[in-house]
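Taking it in order: structure first as structure tokens, then the write-up.
Nothing in this text is a laboratory measurement; each read-out follows from the coordinates by a stated rule. All figures in this text were calculated on a predicted structure; none of them were measured in a lab. Every residue, glycine as well, gets a Cβ built from its backbone with ideal geometry; the counts of neighbours run over all protein chains shown.
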Amino acid sequence: MSAIKKTISLSEELVREANTINSNFSAVVEEALVVYLQQNRLKKAIQSFGKWEKRKESSVDIVNTLRLEDERQYTKWSGVSSVASKKRGKGKAR
């Protein structure tokens, strides 16, 4: 994965505290962002709990349809090839 440079503004306190954890500030920010994004995905999943019950399609059919959409690239996020990607010849077993 390639790195992208971003300019952000943070309080001096946050930067000082982060530097006590790890002198590689980019690593601290990246780790914090990964945790934040994981928590956000989990929060969305919990909020959607039970909402699929009212749909005509089964949840399995809906998920399989979503996985077939090229722009979603689930395998890229999870590091695991999906069955749908393997069927199209784009996924590799890990």
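Figures for the structure shown
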| quantity | calculated |
| --- | --- |
| Convex hull projection area averaged over all views, the stretch 1-65, Cα basis, nm² | 7.3 |
| Cα-projected label distance for V15 with L66, points at 7 Å along beta-carbon direction, nm | 3.9 |
| Per-residue HN-Hα couplings for the stretch 55-68 [Karplus 6.51, -1.76, 1.60; θ = phi - 60°; Hz; x = Gly/Pro] | 7, 6, 7, 6, 4, 5, 5, 5, 4, 5, 5, 4, 5, 6 |
| Karplus-derived 3J(HN,Hα), 6.51/-1.76/1.60, for each residue of the stretch 31-36, Hz, glycine and proline x | 4, 5, 5, 4, 5, 4 |
